[in-house]
1. Accessible area per residue for the chain in Å², computed with a 1.4 Å probe and the full protein assembly in place, what is it?
2. Please report how far the C-alpha centroid of region 50-65 lies from that of region 1-23, rounded to the nearest whole angstrom.
3. Over the Cα atoms of the chain, what radius of gyration and what Dmax do you get, in Å?
4. Take the Cβ-Cβ distance between Asn33 and Lys62 as r, set R0 to 22 Å, and report the resulting FRET efficiency rounded to the nearest 0.05.
5. In nanometres, what is the gap between the two model label sites at Asp44 and Met1, each 7 Å from Cα along Cα-to-Cβ?
6. Quick one: compute the contact order of the chain, relative version, from alpha carbon pairs under 8 angstrom and 6+ residues apart, as a percent.
Amino acid sequence: MIDIKRIADEADVIISGYAFKKVPDEIKVFNLNNSKSAAVFHPDGTLIETNMDEIELEIAKKYMLSSLKYME
């Protein structure tokens with residue numbers, strides 16, 4: 001089972017229920033309200049992998065790009 005509290009505690013930024021964690025060369029995105037939704041991006045916004053639908057993915061990407069300055 002996914003430990004939502006641990007993911008939230010380890011996140012660099014949380015925006016509107018999305019937890020963002022910067023690791024070397026990747027940004028991991030996890031929807032705290034839906035434990036089955038996640039994505040991995042390059043810091044430039046290029047998608048590496050996801051299981052999110054297109055609408056949720058665009059929302060998460062927008063939040064991720066706007067929060068990059070807080071993850072450095």
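The values are calculated or read from the model by the stated rules, or taken from the named source; none is laboratory data. Keep in mind the model is a prediction, meaning the values are calculated, not measured. So basically every Cβ, Gly included, is an ideal-geometry build from the backbone, and we count neighbours across all protein chains shown. Note: areas computed on protein heavy atoms with side chains; ligands, DNA, RNA excluded. Shrake-Rupley method; radii C 1.70, N 1.55, O 1.52, S 1.80 Å.
1. Here the per-residue accessible area is 66 Å².
2. 15
3. So, for the chain, Rg and Dmax equal 10.9, 31 Å respectively.
4. Approximately 0.85, to the nearest 0.05.
5. So the label points at Asp44 and Met1 sit 4.2 nm apart.
6. Values: 100 pairs, mean separation 16.3, N = 72.
Reported as a whole number, the value is 23 percent.
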